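Undergrad: Let me give you the structure first, and then I'll get to my questions.
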Amino acid sequence: MKKPYTHYLIAVSDGEVAGFIGASLTLDTADITNVAVLPALRRRGIARALLLKMAARLSENGAREILLEVRKSGEAAIALYRGAGFSEISVRRGYYRDPTEDALIMRRALD
Ligand SMILES: CC(C)(COP(=O)(O)OP(=O)(O)OC[C@H]1O[C@@H](n2cnc3c(N)ncnc32)[C@H](O)[C@@H]1OP(=O)(O)O)[C@@H](O)C(=O)NCCC(=O)NCCS
């Protein structure tokens, strides 16, 4: 059986790390574990570029779908994911702590 696979991509701007994305892949299902961009460099398309590159990389490595969790109040992240083809499939009650909050589970099929 193929081993779970973890992958990180970083975005570099002027020699500094501007953002990163992490994902894990088990069989044909991938999970985006985190994505973040330096506050001063937001709204320049860095997270979108990281997410699309990661989706392509995961697809090349056998992923058929990508799942992720996001705080229900995470408007920027939810907009980012919707714009990259993800849609909400369910809610995980009380998933986050400090503060306690529901998670939206989002999914994008890859083909
Ligand atoms: C969410 C985050 C990664 C977005 O990074 P970014 O590089 O600024 O995002 P992009 O510039 O690629 O934005 C892509 C799209 O996402 C949406 N978006 C991004 N930030 C947004 C905001 N503050 N409000 C509303 N929509 C937003 C927009 O649709 C945007 O497209 P547009 O600029 O053409 O309108 C960044 O705000 C961040 O690091 N936040 C803190 C960490 C976090 O919340 N991570 C996600 C947890 S799962």
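The values are calculated or read from the model by the stated rules, or taken from the named source; none is laboratory data. Everything numeric in this text was worked out from a predicted model, so none of it was measured. Neighbour counts are summed over all protein chains in view; Cβ atoms, including those assigned to glycine, are modelled from backbone coordinates with ideal geometry. Side chains are part of the model used for accessible areas, which takes the heavy atoms of the whole protein and leaves out ligands, DNA and RNA. Shrake-Rupley method; radii C 1.70, N 1.55, O 1.52, S 1.80 Å.
Undergrad: Would you mind calculating the relative contact order of the chain from Cα pairs under 8 angstrom and at least 6 residues apart, reporting the percent as a whole number?
TA: After rounding, I find 21 percent.
Undergrad: Tell me the net charge near Ser87. Cut-off is 9 Å between Cβ atoms, Ser87 excluded, with +1 for each Lys or Arg and -1 for each Asp or Glu.
TA: For residues surrounding Ser87, the net value is +2.
Undergrad: I would also like to ask the following. Could you please state how large a percent of the accessible area of the chain is carbon and sulfur, counting protein chains only and using a 1.4 Å probe?
TA: Here it works out to 51 percent.
Undergrad: Okay, next question. Answer rounded, prolate or oblate for the chain, using the Cα gyration tensor with square roots of eigenvalues a ≥ b ≥ c: rounded when a/c is under 1.5, else prolate when a/b is larger than b/c, else oblate.
TA: Because a/c hits 1.5 or more and a/b fails to exceed b/c, the chain counts as oblate.
Undergrad: How many Å² of accessible area per residue for the chain, probe 1.4 Å?
TA: With the other protein chains kept in place, the chain gives 64 Å² per residue.
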